[in-house]
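One structure is given below, encoded as structure tokens.
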Amino acid sequence: MTALVLTLALLLPTALPRQAVWPLGPPRPEVVRGWEPPLFPYGPGHRGVDLAGRAGAEVRAAAAGRVLFAGQVAGRGVLVIALAGTGAPPLRTTYEPVRPMVRAGDPVRPGQTVATLAAGPSHCAGPCLHWGLLRADAYLNPLLLLPRAPSRLLPLSGTRSR
């Protein structure tokens, strides 16, 4: 476990994109399957998150960057965006299955419509967007890009205040 935490600390930049947004919605999409990191390369796991959607829904760039790939892989539409200002090698977001509306080399802004969610066979019960995050060959949790609410400490029940 310590090795996994150390690996993640080395892979994530100290400054994630500030204006990251959900790639589907509003409203905020349901996460139908979360990130399940494999314990070793090629091991079982889920290398991204699945977001419930509807075929034809607009897919938005989660953060600013440049399109690296927009096309078909194994018969499915795939979009890959390198995120600006995230170090070398840069973080990359992946989106599938989609019908890309941008081309390789195009710059994108956070929230810009870059694709539509494609219909077709899926491992989800209904249409879903598989959203991934990578640095080099290491898969990361894309939900880490999104702003998080501040933590609040609450008193323990049954304790007296002094």
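Please treat every number below as a calculation from the coordinates, not as lab data. Remember, predicted model here, so these are calculated numbers, not experimental data. Cβ coordinates were reconstructed from backbone atoms using ideal geometry, including for glycine residues, and neighbour counts include every protein chain displayed.
Please compute, for the alpha-carbon atoms of the range 64-162, the extent along each of the three principal axes and give them in descending order in Å.
Taking max minus min along each principal axis of the Cα atoms, the range 64-162 gives 63, 36, 26 Å.
So how do 91-98, 21-28 stack up, highest first, on mean other-Cβ count within 10 Å?
Working: 91-98: 23.5, 21-28: 16.4.
So the peptides 91-98, 21-28, ranked by packing, come out 91-98, 21-28.
Find out how many positive minus negative residues lie around Gly126, taking Lys and Arg as positive, Asp and Glu as negative, among other residues whose Cβ is under 13 Å from that of Gly126. Write out the running numbers ahead of the final one.
Numbers: positive: Arg33, Arg54; negative: Glu30, Asp50.
Taking every other residue near Gly126 into account, the sum is 0.
Could you go through the range 49-64 in sequence order and give the Karplus-derived ³J(HN,Hα) for each residue, using 6.51 cos²θ - 1.76 cosθ + 1.60 with θ = phi - 60°, rounded to whole Hz, and x for Gly and Pro?
10, 9, 10, 5, x, 10, 4, x, 5, 5, 10, 10, 5, 5, 7, 5
Full extension from Ala74 to Met101: what is 0.36 nm times the residue separation minus their Cα-Cα distance, to one decimal in nm?
Full extension of this stretch gives 7.8 nm more.
Give me the percent relative contact order of the range 100-159, please, defined on Cα pairs under 8 angstrom at least 6 residues apart.
Numbers: 25 pairs, mean separation 10.2, N = 60.
17 percent.
Using alpha carbon centroids, what distance separates the range 120-156 and the range 32-103, in Å?
That distance is 11 Å.
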